[in-house]
Protein chains: 2
Amino acid sequence: MINGRFATVIHILTLLAQEEGALSSSYIAGSININPVLVRKEISVLRAAGFVVTQEGKNGGSSLAMPPSKIRLSDLYRVVYKEGLFAHSRNLPNQHCTVGKRIGVIMDGLNTEAEQALLKRFRSITIRDLLERV
Amino acid sequence: MINGRFATVIHILTLLAQEEGALSSSYIAGSININPVLVRKEISVLRAAGFVVTQEGKNGGSSLAMPPSKIRLSDLYRVVYKEGLFAHSRNLPNQHCTVGKRIGVIMDGLNTEAEQALLKRFRSITIRDLLERV
DNA sequence: TTGTTCTGTAATAAAAATAATTACAGAATG
DNA sequence: CATTCTGTAATTATTTTTATTACAGAACAA
């Protein structure tokens, strides 16, 4: 199971898609039930990726930078998970063993294949679709 | 990124497929470069699932219970990951918020869709295929 | 039979990853 | 110019993952 960032990001964007106007990090954090600072961190990633815009200062907050139908889960996956889906062993495998020597490359290959399958599916799901499921 | 068990299990089975005779947990651990107890734990899972057989006692060790071409990555995925691919937030989202109330179900749905895509791809990859990549 | 070398498993400790909290400067608004 | 937001760094706490220790039991060989 991979970390909760994907769920957090989806939750944030679905909220922004649903509610009128800009939402504060505290409000969003209250819905997800996590710390507002974490929300601000994820939002800063989403902002850098162009999905949200933020208004600083009093009455500030974030809102979507594009229609929810333009935000695909495949894009979000890429924003959140820079590394592959499956972890390598954190220790270097024995390089004197033929399997140990190649397992890294093999796992990288599997990662790529798995992600391609996943992304293919996620390219056709948008935040708008998720909003409909709410 | 999800934990390293999948990589560990694949490494174990590829080794067993490659080498002659039963392999001890220490030997396997030496190739993966992890603790032998971890190897024994994973092997006990693989044994329960019917993929390996183990000989206890002196000169003991494990070997494949079936030809490598019969062991599909989709089966291994199922053996290792009982929970979904994407974590829920570990805190319960705000149930008074429409999104918070539904996000769990929505994430479950995405998990299912993602896993189906993944498993579809992994059904056609076996340990034998990985052995060829070594 | 008895010593040796394996496994199985539980219990504990260490390390790493994740999340929460605290703190504070700066932006926008009324 | 006080208030209420954001951004970000730094620290602490929690959880997850991995490693280690310990020991009983199985199989074998001398």
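Of all the residues that make up the range B:86-108, how many are more than 7 Å from chain A (Cβ to nearest Cβ) and surrounded by 14 or more Cβ atoms within 10 Å (Cβ to Cβ)?
2
From the list B:78, B:72, pick out the single residue that is away from DNA strand C (no atom under 16 Å from the Cβ) and in contact with a strand residue (DSSP E or B) (Cβ under 6 Å, 6 or more places away or on another chain). Reasoning before the result, please.
Values: B:78 fails: in contact with a strand residue (DSSP E or B) (Cβ under 6 Å, 6 or more places away or on another chain).
Selected residue: B:72, the only one of B:78, B:72 that is away from DNA strand C (no atom under 16 Å from the Cβ) and in contact with a strand residue (DSSP E or B) (Cβ under 6 Å, 6 or more places away or on another chain).
Check whether at least one residue in the range A:48-70 is under 25 Å from residue B:35 (Cα atoms) and of a type in the set (Lys, Arg), and report yes or no. Can you show your working first?
Residues of the range A:48-70 under 25 Å from residue B:35 (Cα atoms): none.
Looking through the range A:48-70, none of the residues is under 25 Å from residue B:35 (Cα atoms) and of a type in the set (Lys, Arg).
Across the range A:29-60, what is the number of residues that are touching a residue at least 24 places away in the same chain (Cβ under 8 Å) and crowded, with 19+ Cβ neighbours inside 10 Å?
Total satisfying the criteria: 8.
Looking at the range B:67-82, is at least one residue of a type outside the set (Asp, Glu), within 30 Å of residue A:128 (Cα to Cα) and within 12 Å of another protein chain (Cβ to nearest Cβ)? Explain how you work it out, then say what you get.
To start, the set of residues in the range B:67-82 that are of a type outside the set (Asp, Glu) comprises B:67-74, B:76-82.
Then keep just the ones that are within 30 Å of residue A:128 (Cα to Cα); that gives B:81-82.
In the following step, the residues that additionally are within 12 Å of another protein chain (Cβ to nearest Cβ) were identified as B:81-82.
Yes, the conditions are met somewhere in the range B:67-82.
Would you pick out the residues in the range B:32-67 that are near DNA strand D (Cβ under 7 Å from one of its atoms) and aliphatic (A, V, I, L, M)?
Within the range B:32-67, B:34, B:37, B:38 qualify.
Taking the range B:1-25, which residues are more than 7 Å from every other protein chain (Cβ to nearest Cβ) and without any contact (Cβ under 8 Å) to a residue 12 or more places away in the chain?
B:19, B:20
Out of the residues in the range A:115-133 meeting the condition of being within 8 Å of chain B (Cβ to nearest Cβ) and assigned to a helix (DSSP H, G or I), tell me which one is farthest from the chain's Cα centre (by Cα). First the steps, then the outcome.
Narrowing the range A:115-133 to residues within 8 Å of chain B (Cβ to nearest Cβ): A:116-118, A:120-122, A:125, A:130, A:133.
Pick out the ones that are also assigned to a helix (DSSP H, G or I) and you get A:116-118, A:120-122, A:130, A:133.
Values: A:116: 16, A:117: 17, A:118: 13, A:120: 16, A:121: 15, A:122: 12, A:130: 14, A:133: 19 Å.
Among those that are within 8 Å of chain B (Cβ to nearest Cβ) and assigned to a helix (DSSP H, G or I), it is A:133.
Just the residues that are near DNA strand C (Cβ under 9 Å from one of its atoms) and under 20 Å from residue B:114 (Cβ atoms), please, taken from the range A:6-50. Break it down into steps so the answer makes sense when it comes.
Initial filter on the range A:6-50 (near DNA strand C (Cβ under 9 Å from one of its atoms)): A:7-8, A:29, A:32-41.
Scanning the range A:6-50 gives A:7, A:8.
All but one of (1) at pLDDT 95 or above; (2) closer than 21 Å to residue A:94 by Cα hold for residue B:21; which doesn't?
Evaluating residue B:21 over (1) at pLDDT 95 or above; (2) closer than 21 Å to residue A:94 by Cα leaves (1) as the failure.
Take the range A:94-116 and flag every residue that is without any contact (Cβ under 8 Å) to a residue 24 or more places away in the chain and within 16 Å of DNA strand C (Cβ to nearest atom).
Within the range A:94-116, A:104, A:107 qualify.
The values are calculated or read from the model by the stated rules, or taken from the named source; none is laboratory data. Because the structure is a prediction, the values reported are computed rather than measured. Here Cβ is always computed from backbone atoms with ideal geometry, including for glycine, and neighbour counts include all displayed protein chains.
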